[in-house]
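Notes to accompany the following structure.
The values are calculated or read from the model by the stated rules, or taken from the named source; none is laboratory data. From a predicted model like this one, the values you see are computed outputs, not experimental measurements. For neighbour counting, all protein chains shown are included, and Cβ atoms are generated from backbone atoms with ideal geometry for every residue, glycine included.
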There are 2 protein chains.
Amino acid sequence: MARLLRVNMSDITTKFEPVPEQYQGLGGRGLTSAIVSNEVDPTCHPIGPLNKLVISTGLLGGTSCANSGRISFGAKSPLTGGIKEANSGGQTGIHLGRLDILGVVVEGVAEAGKFYKLIVNAEGAELVPADDLKGLGTYDTVEKLKAAHGDKCSFIMVGQAGEAMLTASSIACTDTGQRPTRHAGRGGLGAVMGSKGLKAIVLDPAGGHAPEMADPEAFKAAAKSFAKFLTSHPVTGEGLPAYGTDILINILNEAGGLPTRNFSEGRFADAEQVGGEHMNEVTTKRGGVCTHGCMTSCVIRCSGLYVDEKGDYVSKWPEYETVWAWGPNCGISDLDLIAKIDYMCDDFGLDTIEMGTAMAVAMEGGLLEFGDGPGAMEALAQVGQLTPLGRILGSGTKTVGQVFGVKRVPVVKGQSMPAYDPRAVKGVGVTYATTPMGADHTAGYAVATNILKSGGELDPLSPHGQSDLSRNLQIATAAIDTVGLCLFVAFPVLDSPESLNDVVTMLNARYGWQLTVDDVPGVGQKVLEMELDFNRRAGFNKSMDRLPDFFKREPLRPHSAVFDVTDEELDRTLDFSS
Amino acid sequence: MARLLRVNMSDITTKFEPVPEQYQGLGGRGLTSAIVSNEVDPTCHPIGPLNKLVISTGLLGGTSCANSGRISFGAKSPLTGGIKEANSGGQTGIHLGRLDILGVVVEGVAEAGKFYKLIVNAEGAELVPADDLKGLGTYDTVEKLKAAHGDKCSFIMVGQAGEAMLTASSIACTDTGQRPTRHAGRGGLGAVMGSKGLKAIVLDPAGGHAPEMADPEAFKAAAKSFAKFLTSHPVTGEGLPAYGTDILINILNEAGGLPTRNFSEGRFADAEQVGGEHMNEVTTKRGGVCTHGCMTSCVIRCSGLYVDEKGDYVSKWPEYETVWAWGPNCGISDLDLIAKIDYMCDDFGLDTIEMGTAMAVAMEGGLLEFGDGPGAMEALAQVGQLTPLGRILGSGTKTVGQVFGVKRVPVVKGQSMPAYDPRAVKGVGVTYATTPMGADHTAGYAVATNILKSGGELDPLSPHGQSDLSRNLQIATAAIDTVGLCLFVAFPVLDSPESLNDVVTMLNARYGWQLTVDDVPGVGQKVLEMELDFNRRAGFNKSMDRLPDFFKREPLRPHSAVFDVTDEELDRTLDFSS
């Protein structure tokens, strides 16, 4: 029987409770958004005692369903001021599921300056002072936690950035090799965890067990069929396992939608030097790992291990969005340097996207020249040291724009845009503008249909049909995030809708439900409606569902494209009232 | 015939035009808000080419009416994102009026990095490169301008902060001694002037003349009568001339409404050491000046010249809000040091209020100890040097709160609260929350009735009646700001309503109008409605008409007061729809 774990940082207590009736049937993002929407005052200060950090494994968390181990983190965002869910790979979602815990709700705040670790195992949960971890990066934190708790546990933690409540800070989760490489990156949720005085969570799976099944055989058959869909689709079966997400560099460059030098161009001359093909080549030559799963249930294995010329570990394979943010977007073409930056962001506990876009805006504001990789790395190092410059950068792109007096600041709802220019990939532009999460490609990945021809084709340069595309994807994504599946399952699901039957069968077999495929959009829509309602109560309105003005005025090379989806189209995208 | 001067910074041209019909009958804030509301896209970037900086003298600007020389600056604010008007004393409003110019509209932006000065005289207006002024503080700027244009001119300019487009930057105006001591401080309007590449405006009154009058004799009689009201009221005739605005330190301290150490208490133990009585004593002893008018038409003369022990000039007398912001609010009790800080803020072109509250928040965030005056001065010096820390501080209180992870951040609509705790002076709390300007005491100075017993009495600790009080004062203030009168005329006007007859008589005598006293509130309401409409179109809504949460939750000593005016009362304050 899955439970909620309530953790009160004000009086340093923990308490298990059955999942309240109103939250039943939800997991992952559905659960975090329901609890945040229901229990958090939308007008509270995000780093104050009234905010809650909600952590949840998906509905299939801990099962043998392929790629089902995503873990969701939710709170009122210190970056956007609205509701936020960010999810992460790694082992922690699986471990939560095997410990019979659907969600963890972290409430209150500890005494200022005090930090604790939360230890969760089959016997229960307790908060323990963590003075020894204070001020450490995530890699050093893991070393201490491994020494204390062993090499079977997984860990959730913040680095220096989260401790300092910087609004670009992430929450790190360990991967299959106990590396702190998987992050709930967006929305500054590390600042919420840091504000509560919670440095780390230790999940000890010993004594845990696979979730109970209403119909084990049906589950097994559907899981097998679903895995086959994943391994046989060209994107999830071939492209991602070989080249990682960084395969997108050359694709987006070719499409003219690779934002370059702070969104001033759509193509980067040195794109090949930082693309996935090159990463594969370098990694292979140096004896690194090109195909690696962040969680044990993964059959796609889009990650890798980046090594230096001596074959020593530098970082996990940087994701496409990381390579883009610090590469083309900063005019940097040195992949070795970008891998080191990836490690530093992971270590300090920072969102690589928000930080790379912040650096590009700082470059436009005159801090450094575009292309100055060593300068960028040195400035990033200052975030870990919490110097004034480090604090500015760690406060994210919007703040950097304000502090350096820059006009071209690519943010929506205070959160920076990721690696797809909305002028050249208009469907994702609609998602940036309208998702309750602030600019976020994962909320409705229209790149799939605009560029990758998954789920049909839609001209990325035409404004027509993008609103419908984004809406359908946002609904589907909210459902996927509730089930706890890796978003990459969307490729086979979009192209082989029958694979969705397997997911529904697994949910029914796990819980004894009678869902049909037709019920799925309703789940996604319900989650979005809760999120939109929270934001309305927090004071959001339609004027915030807009891209910055320069996307409408400055044509993007090579297509001379501007963002021309109308405000009316944007407004109807998530209007469920009619 | 009063004219508008249009200045285009994109093509470096100037053009005079008759005041368009739709703007006739307006001046000062009424004119700036009308032009901003009518001509500026509410969604534009405040430091981009679509914003306009509008400068206007009041309807009685340049006349012999006592205290009528205020000059208004308006734009979309880089600090609040909404409409902004900030007005200033000094000679520039009078000179504009004598040059037959009702308003100056600065449009477009110059090439990045280029700065110009605008020279206006009886012959016309021209833009001239001002490379020699670039990077200078306002005091050095004045020296260069005096050398070039003589000692009869008045000057409007930005310092290093405005050039760098920092959002706490002000616009400086020179006083009767050509000192850059009078500032349109609030809302970051210096950043707008800086963004346009306009470093300074030179107003040469030679060849100008007193405004034409429809009925010179009637004007003269009413002006004489009005001046008598000002000089015979105890506040404007005795208190302010002797002790300056700083007389309020001991009054607010006694009332328990003097925000101390970042709004954590309502009384400061060392208040006397920084109060107006002490300032008068020190100034008298050292041979400074205790009674000094910032403009030639002033009969109140609330300013002074602060000197050091050798009798050398340190700054003009710091205003009450400046002394408070850097004194009690930072736990600092050294008036000599505060006077030096006042000079530095004037020189860099910074809002003393926004900067002092930013410093207090930084202190709470751990930058310095409360009370560390030398440390605060050193940090402030970094704003002039544009170091990273200087840029953080110069970006204002809200940004400092974000960058340093502070929960107690006293801002409304992104602008910091001034020197009256809204828990102990609830009428001004309603003004902070509801004025379209962001937290601003001058928008509806309920301190008058709550504390000073002007215009009646209303218990400052009771929530009842504060909404009505604030509304009436906001309407009256918008009218006063349109006429271009110093706000201190409100004391005699509140206590002797017949003095308002004189103002109306002067307006009619100047323009040949047939106004009555009953028409005045309509003028104020019309101005407010334009401003509220702009903000609505910029995306503002009721959720922004709120004080930060901690004012409702943390009781303020000594009265254990919280801010308990209801949201419904706040919402009806400026609801003119019924």
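Out of curiosity, is A:LEU258 farther than 25 Å from A:LEU393 by Cα and either free of Cβ contacts under 8 Å to residues at least 12 places away in the same chain or not hydroxyl-bearing (Ser, Thr, Tyr) (or both)? Criteria not met by A:LEU258.
State whether the residues of the range B:138-154 include one that is of a type in the set (Gly, Ala, Ser), outside the structural domain of B:THR357 (by TED's automatic domain parsing) and in a helix (DSSP H, G or I). Checked against the condition, which is being of a type in the set (Gly, Ala, Ser), outside the structural domain of B:THR357 (by TED's automatic domain parsing) and in a helix (DSSP H, G or I), the range B:138-154 yields at least one hit. Checked against (1) touching a Lys or Arg at 6+ places or on another chain (Cβ under 8 Å); (2) within 14 Å of chain A (Cβ to nearest Cβ), B:PHE370 passes all but condition (2).
Among the criteria (1) farther than 19 Å from B:ALA448 by Cβ; (2) at pLDDT 95 or above; (3) buried (at least 20 other Cβ atoms within 10 Å of the Cβ); (4) under 23 Å from the mean Cα position of the chain (by Cα), the one B:ALA227 does not fulfil is (3).
Residue count for the range A:399-410, restricted to those that are without any contact (Cβ under 8 Å) to a residue 40 or more places away in the chain and within 20 Å of A:ALA164 (Cα to Cα): 1. Restrict the check to the range B:407-423 and report whether at least one residue is part of a helix (DSSP H, G or I), closer than 29 Å to A:GLY197 by Cβ and not assigned by TED's automatic domain parsing to the domain that holds B:ASP549. No, the range B:407-423 contains no residue that is part of a helix (DSSP H, G or I), closer than 29 Å to A:GLY197 by Cβ and not assigned by TED's automatic domain parsing to the domain that holds B:ASP549. Yes or no: the range A:484-504 includes at least one residue that is over 22 Å from A:LEU452 (Cβ atoms), more than 14 Å from chain B (Cβ to nearest Cβ) and under 20 Å from the mean Cα position of the chain (by Cα). Among the residues of the range A:484-504, at least one is over 22 Å from A:LEU452 (Cβ atoms), more than 14 Å from chain B (Cβ to nearest Cβ) and under 20 Å from the mean Cα position of the chain (by Cα), which makes the answer yes. Looking across A:ALA446, A:ALA476, one residue alone is modelled with pLDDT of 95 or more, in contact with a Leu (Cβ under 9 Å, 6 or more places away or on another chain), away from chain B (no Cβ under 14 Å) and surrounded by fewer than 24 Cβ atoms within 10 Å (Cβ to Cβ). It is A:ALA476. State whether one or more residues within the range B:122-136 are of a type in the set (Val, Ile, Thr), under 24 Å from the mean Cα position of the chain (by Cα) and on the phi < 0 side of the Ramachandran plot. No - not one qualifying residue is present in the range B:122-136. From the list A:GLY187, A:GLY208, the one residue that fits, being modelled with pLDDT of 95 or more, in contact with a strand residue (DSSP E or B) (Cβ under 7 Å, 6 or more places away or on another chain) and not assigned by TED's automatic domain parsing to the domain that holds A:PHE491, is A:GLY187.
Remark: B:ALA379 matches the filter, which requires a residue to be without any contact (Cβ under 8 Å) to a residue 24 or more places away in the chain and among the hydrophobic types (A, V, I, L, M, F, W, C).
Against the criterion of being crowded, with 24+ Cβ neighbours inside 10 Å and either in contact with a strand residue (DSSP E or B) (Cβ under 7 Å, 6 or more places away or on another chain) or of a type in the set (D, E, K, R) (or both), A:ALA433 qualifies. Per the listing B:ALA112, B:ALA168, B:ALA147, B:ALA191, the residue uniquely within 14 Å of another protein chain (Cβ to nearest Cβ) and surrounded by fewer than 24 Cβ atoms within 10 Å (Cβ to Cβ) is B:ALA112.
Here A:ILE119 meets each of (1) within 30 Å of A:THR357 (Cα to Cα); (2) part of a strand (DSSP E or B); (3) not aromatic (Phe, Trp, Tyr) with one exception, condition (1). Checking each residue in the range B:272-306 for being hydrophobic (A, V, I, L, M, F, W, C) and under 24 Å from the mean Cα position of the chain (by Cα) picks out B:VAL274, B:MET279, B:VAL289, B:CYS290, B:CYS294, B:MET295, B:CYS298, B:VAL299, B:ILE300, B:CYS302, B:LEU305. Within the range A:378-433, the residues that satisfy the criterion of being of a type in the set (S, T, N, Q), more than 9 Å from chain B (Cβ to nearest Cβ) and touching a Ser or Thr at 6+ places or on another chain (Cβ under 8 Å) are A:THR397, A:GLN415, A:SER416, A:THR431. Give just the number: which of (1) touching a residue at least 40 places away in the same chain (Cβ under 8 Å); (2) basic (Lys, Arg); (3) part of a loop (DSSP other than H, G, I, E, B) does A:ARG391 not satisfy? Among (1) touching a residue at least 40 places away in the same chain (Cβ under 8 Å); (2) basic (Lys, Arg); (3) part of a loop (DSSP other than H, G, I, E, B), the lone unmet condition for A:ARG391 is (3). When the helices (runs of 4 or more DSSP H) confined to the range B:485-578 are screened for residues that are in contact with a Ser or Thr (Cβ under 8 Å, 6 or more places away or on another chain), of a type outside the set (Gly, Ala, Ser) and at pLDDT 95 or above, those reaching at least 2 such residues are found at B:499-511, B:520-537, B:567-573.
The listed residues are B:THR92, B:THR141, B:THR80, and the only one of them that is buried (at least 24 other Cβ atoms within 10 Å of the Cβ) and more than 22 Å from B:ILE35 (Cβ to Cβ) turns out to be B:THR141.
Every test in (1) touching a residue at least 24 places away in the same chain (Cβ under 8 Å); (2) within 14 Å of another protein chain (Cβ to nearest Cβ) is passed by A:LYS552 save one, and that test is (1). If the condition is being within 14 Å of another protein chain (Cβ to nearest Cβ) and within 16 Å of A:GLY30 (Cβ to Cβ), then the range A:519-546 contributes A:ASP533, A:PHE534. Scanning the range A:44-67 for residues that are closer than 19 Å to A:LEU4 by Cα and away from chain B (no Cβ under 14 Å) turns up A:LYS52, A:LEU53, A:VAL54, A:ILE55, A:SER56, A:THR57, A:GLY58, A:LEU59, A:LEU60, A:GLY61, A:GLY62, A:THR63.
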